[in-house]
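> Just dropping this structure here.
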Amino acid sequence: MKIMLVDDEPLALQFLETQLHSIGDFKIVGAYHTSRGLMERIKEKKPELLFLDIKIGSVNGVELAASIQEEHPNLPIVFVTGYHEYAVQAFELNALDYIVKPIQKDRLRKTIHRLDTEVQKNASHAPIRINCMPTLQFLQNGETLPVQWRTSKAKEVFCYLLHHAEKPVRKDVLVEEFWEEKEPEKAFTQLYSTIYVIRKTLSASVPGLSLSSANQCYQLHLGDAEVDVMEWGNQLTKLPELTEHSLSSYQGLLRKYKGDYFSAEAYAWAESEQRQLRENWYKTATQVGLFLEEQNIVEDAISLYLRMQSDYPYIAHSYTRLMHVYDVSGVSGQVVNQYERLKQMLEEEFDIAPEAELVDWYESWRERHMQA
């Protein structure tokens with residue numbers, strides 16, 4: 001843990017540092033006896049805990065802490081002083097703790113324990129992230145949540161409700177989608193059992209999500225959860241015109257596309273959305289690839305086209321663009337390789353040959369290359 005100390009008494013500052021080292025493996029990123037330049041030091045050092053004297057010369061530590069919290073609301077502050085009368089002010093400011101000098105080890109341990117408890121509490125309330133590309137996955141603080149589905153049907157119905165998140169889905173629509181072959185009475189019994197399983201699963205593993213029932217409909221509520229496919233689509237619509245300045249935003253968005261929508265689950269009802277998202281990604285990737293070629297950013301163009309080819313090997317575009325980029329780069333062997341791979345793919349998958357225009361280009365290129 002990175003800790004910063006501020007106290008206008010050098011001996012008290014040294015004593016606090018010694019006590020901290022004696023109870024744990026802490027990294028003191030700064031120990032200052034003046035508040036001058038403290039805001040800049042916090043920005044630079046990025047401490048995870050700040051011990052702050054309540055009175056630093058003529059500076060009021062409580063007022064200073066209020067300013068710090070405006071810019072760094074997540075930085076825990078522990079006030080240190082020789083006087084009790086400032087305790088109320090300190091806790092009104094939502095300080096982590098208030099310690100009176102001389103600081104004892106046991107009292108310091110309680111402060112660190114309180115910080116650990118707060119961190120754990122905040123972590124448990126951190127927003128949930130739901131990934132649907134390429135498979136259903138729940139994450140919190142970057143860690144995968146171990147959500148166990150009792151049945152594959154419960155998981156699929158949940159995914160269907162997630163597909164329509166924050167919108168009511170009629171019960172009869174769910175029955176028709178998932179239990180069409182069953183008699184109506186049995187189908188609705190299956191639906192109610194499945195909804196019960198979903199609710200129990202969410203309550204046990206993802207309590208931030210909830211499922212309500214009203215007017216013969218079910219509705220999935222996301223709370224503050226983030227969904228990758230929604231986030232990706234929103235960011236796509238907000239992209240500015242593709243220029244040198246916005247190129248990194250385009251490339252970043254392309255990288256965020258981790259795979260086709262629910263492709264690992266292969267849900268039939270998701271195919272339309274899956275196809276639309278895939279087309280949007282490929283269209284954007286094609287635009288970025290051509291821009292990279294125009295800007296002569298060859299390595300990035302090759303990397304992008306290779307990903308396009310790997311993810312969607314039955315689309316000819318990536319093969320032809322790689323041929324041109326490798327030609328410009330003087331990598332003749334790869335031009336031949338891409339042409340032969342394209343020929344093989346078209347023959348095996350579609351029983352056709354490359355377009356006449358490409359064949360003419362390639363033959364002309366071979367003639368030039370052989371003459372060289």
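The values are calculated or read from the model by the stated rules, or taken from the named source; none is laboratory data. Predicted model only: the values in this text are computed from it and were never measured. Here the Cβ positions follow ideal geometry from the backbone for every residue, glycine too, while neighbour counts run over all protein chains shown. Each accessible area value is taken on the protein alone, full model and side chains, heavy atoms only, with ligands, DNA and RNA left out. Shrake-Rupley method; radii C 1.70, N 1.55, O 1.52, S 1.80 Å.
> Between residue 185 and residue 269, what's the calculated FRET efficiency when r is the beta-carbon distance and R0 is 35 Å? Round to 0.05.
Values: r = 24 Å, r/R0 = 0.68.
Between residue 185 and residue 269 the formula returns 0.90.
> By what distance, in whole Å, do the Cα atoms of the stretch 214-285 stretch along each of the three principal axes, largest value first?
Its Cα atoms span 52, 27, 17 Å along the three principal axes.
> What is the extension gain from residue 164 to residue 217, computed as 0.36 nm multiplied by their sequence separation minus the C-alpha to C-alpha distance, in nm to one decimal? Please report the intermediate quantities before stating the final value.
Details: separation 53, 0.36 × 53 = 19.08 nm, distance 1.19 nm.
Net length gain for the segment: 17.9 nm.
> Let me ask you something else. Can you compute the charge dipole magnitude of the stretch 296-371 about its Cα centre, using +1 on each Lys and Arg Cβ and -1 on each Asp and Glu Cβ, nothing else charged? Give it in debye, rounded to the nearest 20.
Values: 6 positive and 14 negative charges, 56 e Å.
That gives a dipole near 260 debye.
> Same structure again: Taking the dipole about the Cα centre of the stretch 294-372, with the C-beta of Lys and Arg at +1 and of Asp and Glu at -1, give me whichever of 333, 323, 364 is farthest to the positive side.
Most positive-ward Cα: 333.
> To continue, here is another question. Enter the mean projected area of the convex hull around the alpha-carbon atoms of the stretch 179-263, in nm², rounded to one decimal. Before the final figure, lay out each step's value.
Numbers: hull surface 34.7 nm².
For the stretch 179-263, averaging the hull's shadow over all directions gives 8.7 nm².
> How much length would be gained if the chain were fully extended between residue 331 and residue 369, taking 0.36 nm per residue of separation minus their Cα-Cα distance, in nm to one decimal?
Numbers: separation 38, 0.36 × 38 = 13.68 nm, distance 1.10 nm.
Contour length minus the Cα-Cα distance gives 12.6 nm.
> Here's something else I'd like to know. Under a crude label model (7 Å from the Cα following the beta-carbon direction), how far is residue 67 from residue 299 in nanometres?
The answer from the label model is 4.5 nm.
> State, to one decimal in nm, how far the label point of residue 204 lies from the label point of residue 2, with both points 7 Å from Cα in the Cβ direction.
4.0
> A further question follows. Kindly identify the stretch 296-371 as rounded, prolate or oblate by the Cα gyration tensor criterion: order the square roots of the eigenvalues as a ≥ b ≥ c, call it rounded if a/c is under 1.5, otherwise compare a/b with b/c, prolate if a/b is larger, else oblate. Please report the intermediate quantities before stating the final value.
Working: a/c = 2.23, a/b = 1.06, b/c = 2.11.
It is oblate, given that a/c is not under 1.5 and a/b is not larger than b/c.
> Could I ask something else about it? What residues of the stretch 95-109 lie in the reach of a label at residue 22, counting those whose backbone N is under 15 Å from a point 7 Å from the Cα along Cα→Cβ?
Backbone N within reach: 101-109.
> Which lysines, on any chain, are close to residue 55 with Cα under 16 Å apart, when same-chain ones fewer than 8 places away are left out?
101
> On to the next question. Suppose we look only past 20 Å in the calculated P(r) of the stretch 124-267. What percent of the Cα-Cα pairs does that tail hold?
On the way: 5499 of 10296 pairs.
Across the stretch 124-267, Cα pairs with separations above 20 Å total 53 percent.
> Counting only heavy atoms of the protein chains, get the accessible area per residue of the stretch 2-121 (1.4 Å probe) and round it to a whole Å² value. Before the final figure, lay out the partial values.
On the way: 6690 Å² over 120 residues.
I get 56 Å² per residue for this part.
> Over 23 Å between Cα atoms: which of 155/186; 153/186; 46/105; 45/258; 155/182 fall into that group? Display every interim value, and only then the final one.
On the way: 155/186 20 Å; 153/186 15 Å; 46/105 25 Å; 45/258 34 Å; 155/182 19 Å.
The pairs that break the limit, which is 23 Å between Cα atoms, are 46/105; 45/258.
> Here is a further query. Placing one identical point scatterer on every Cα of the stretch 2-121 and ignoring solvent, what is log10 I(q)/I(0) from the Debye formula at q = 0.13, 0.20, 0.21 Å⁻¹?
-0.44, -1.17, -1.33
> Here's another thing I want to ask about it. For the chain, with all protein chains present and a 1.4 Å probe, just round the carbon and sulfur fraction of the accessible area to a whole percent.
Reported share for carbon and sulfur atoms: 48 percent.
> Please work out the Cα center distance from the stretch 308-372 to the stretch 246-291, rounded to the nearest Å.
Comparing the Cα centres of the stretch 308-372 and the stretch 246-291, I get a distance of 24 Å.
> If you count, for each residue, the other Cβ atoms within 10 Å and average over each peptide, how do 186-197, 42-53 line up from highest to lowest? All intermediate terms of the calculation are to be shown ahead of the outcome.
Details: 186-197: 16.2, 42-53: 18.6.
Answer by packing, highest mean first, reads 42-53, 186-197.
> Which whole-angstrom value gives the distance between the alpha carbon centres of the stretch 177-202 and the stretch 2-30?
60
> Here's another thing I want to ask about it. Once every Cα of the stretch 1-66 carries one equal point scatterer and solvent is ignored, give the base-10 log of I(q)/I(0) from the Debye formula at q = 0.20 Å⁻¹, two decimals.
-0.77
> Restricting things to Cα coordinates, could you compute the convex hull volume per residue of the chain in Å³?
Values: hull volume 86.0 nm³, N = 372.
Per residue, the Cα convex hull of the chain comes to 231 Å³.
> Taking only protein heavy atoms into account and a 1.4 Å probe, give the accessible area per residue of the stretch 251-307 in Å². Don't jump to the answer; show the numbers that get you there.
Numbers: 2940 Å² over 57 residues.
Result: 52 Å² of accessible area for each residue.
> Going out from 0 in 10 Å bins, what whole percent of all Cα-Cα distances in the stretch 237-360 drops into each bin?
For the stretch 237-360, the binned pair fractions read 12, 38, 34, 15, 1 percent.
> For residue 143 and residue 46 in the same chain, what is the full-extension length gain: residue separation times 0.36 nm, less their Cα-Cα distance, in nm?
Working: separation 97, 0.36 × 97 = 34.92 nm, distance 2.29 nm.
Residue separation times 0.36 nm, minus the Cα-Cα distance, leaves 32.6 nm.
> On a straight-distance basis, which lysines could pair with residue 343 in a cross-link, Cα separation under 25 angstrom, same-chain partners fewer than 8 positions away excluded?
283
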